[in-house]
1. For Phe107, all conditions in the list (1) in a loop (DSSP other than H, G, I, E, B); (2) among the hydrophobic types (A, V, I, L, M, F, W, C); (3) in contact (Cβ under 8 Å) with a residue 40 or more places away in the chain hold save one; what is the number of the exception?
2. Give Asp206, Asp212 a once-over and let me know the one that is of a type outside the set (A, V, I, L, M), surrounded by fewer than 20 Cβ atoms within 10 Å (Cβ to Cβ), out of contact with any helix residue (DSSP H, G or I) (no Cβ under 9 Å at 6 or more places or on another chain) and not assigned by TED's automatic domain parsing to the domain that holds Pro301.
3. Return the only residue of Leu120, Leu52, Leu96 being touching a residue at least 60 places away in the same chain (Cβ under 8 Å), outside any loop (DSSP other than H, G, I, E, B) and touching a strand residue (DSSP E or B) at 6+ places or on another chain (Cβ under 8 Å).
4. What residue, of Lys10, Lys21, is free of Cβ contacts under 8 Å to residues at least 12 places away in the same chain, of a type outside the set (Asp, Glu) and in a helix (DSSP H, G or I)?
5. Is it the case that Asn187 is in the same structural domain as Pro57 (by TED's automatic domain parsing) and at pLDDT below 90?
6. Go through (1) at pLDDT 95 or above; (2) out of contact with any Cys (no Cβ under 8 Å at 6 or more places or on another chain); (3) under 24 Å from Leu42 (Cβ atoms) for Gln202 and report which single condition fails.
7. With respect to Arg312, is the statement that it is closer than 26 Å to Ala226 by Cβ, surrounded by fewer than 17 Cβ atoms within 10 Å (Cβ to Cβ), not acidic (Asp, Glu) and not assigned by TED's automatic domain parsing to the domain that holds Phe46 true?
8. Please pick out the residue among Leu74, Leu160, Leu153 that is on the phi < 0 side of the Ramachandran plot and free of Cβ contacts under 8 Å to residues at least 60 places away in the same chain.
Amino acid sequence: MEKQLSDKLKNTLKTLPEIWKKIHAELDKRIIGQDDLIDELLTAIFAKGHCLLIGVPGLAKTLLIHTLSEAADLSFNRIQFTPDMMPGDIIGSEILEEDATTGHRKFRFIKGPVFAQLILADEINRTSPKTQAALLEAMQEKQVTVAGVKYNLEEPFFVLATQNPIEQEGTYPLPEAQLDRFMFSLNVDYPEFDDEVELLLQTTQDYQFKIDKVVTAKEIITLQNAIRHIVVPKSVAEYAVKLVKASRPNTSFAMEHTNKYLRWGAGPRACQYLALAGKVYAARDHRFNVAIDDINRATKPVLRHRIILNYRAEADGQSPEKIIDKIIDKI
């Protein structure tokens, strides 16, 4: 029997569409022609997820994230990843200090840039795996550990990472374990013609758009917790699991395209993220139950970085999106 939401939860969830609209309006002041990207980014945030943004330089990925921090009144740090960066440059390090009065020496922890609510991990694939891994604990556990001491990160906490899909020389592709920590992988496309004209006109004048704070960290946390209570009917849960299982080659749920073109499929975390994204979509549409259409809408951003193509797929011109479409059609 499906549980019923309390009136208090329903009233909280009913505020999401209006808050969503306000945030979107503030982002539209600076970001032109990326409405779908903004919606998916907000979906991940209200679902407590991290995002990987993939696009060529100059598509306002950094500006989008910085503007979001202003509209949501969140503390913000940008980390520009480079090949020589060390884990301590991200999480912080201990220094030895001497008390001028007593002469006693003690270690003091100096917090790194990861101690903010919204982290822009710019060009995350430009640093070594050792440094990339420094983000794993922060992303999953919302904490960092230094010299055996745990330091909690302030909630809400999001990592929004960017990658350049073209220039791969001198890069370190993210391992699957870290890719799996990102709820969504979002492709940032070139703007349409009219949008690019508007972009040119807007960004070459001497005027700065003021961003108003339209939502607080407390409101975001309250909505995140309320969204978790939205119901996923068993039939919808079964559908989501079937989609994910169909992405795993050489299993009982695998389809022809899966066995032919994939080396590896999505893990159980994909099922969880499909459900959470579906809950956000439902709340935004004034619903308190997740539908199959909500799961389908989330499938590409959730699965595209979790399925690994083989050499035959590349030779035949296949892409993760094409494979996902085949899986949806089959299921």
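1. Going through (1) in a loop (DSSP other than H, G, I, E, B); (2) among the hydrophobic types (A, V, I, L, M, F, W, C); (3) in contact (Cβ under 8 Å) with a residue 40 or more places away in the chain one by one, Phe107 breaks only (1).
2. Details: Asp212 fails: out of contact with any helix residue (DSSP H, G or I) (no Cβ under 9 Å at 6 or more places or on another chain).
Criteria check complete, one pass: Asp206.
3. Numbers: Leu120 fails: touching a residue at least 60 places away in the same chain (Cβ under 8 Å); Leu96 fails: touching a residue at least 60 places away in the same chain (Cβ under 8 Å).
Answer to the selection: Leu52.
4. Details: Lys10 fails: free of Cβ contacts under 8 Å to residues at least 12 places away in the same chain.
Step by step, each of Lys10, Lys21 is checked, and only Lys21 is free of Cβ contacts under 8 Å to residues at least 12 places away in the same chain, of a type outside the set (Asp, Glu) and in a helix (DSSP H, G or I).
5. On the way: in the same structural domain as Pro57 (by TED's automatic domain parsing): yes; at pLDDT below 90: yes.
The answer is yes for Asn187.
6. Here Gln202 clears every test but (1).
7. Details: closer than 26 Å to Ala226 by Cβ: no; surrounded by fewer than 17 Cβ atoms within 10 Å (Cβ to Cβ): yes; not acidic (Asp, Glu): yes; not assigned by TED's automatic domain parsing to the domain that holds Phe46: yes.
So Arg312 does not fit the description; no.
8. Details: Leu74 fails: free of Cβ contacts under 8 Å to residues at least 60 places away in the same chain; Leu160 fails: free of Cβ contacts under 8 Å to residues at least 60 places away in the same chain.
After applying the criteria, what remains is Leu153.
The values are calculated or read from the model by the stated rules, or taken from the named source; none is laboratory data. In this text, all values refer to a predicted model and were calculated from it rather than measured experimentally. Cβ: placed from backbone, ideal geometry, glycine included. Neighbour counts: every protein chain shown.
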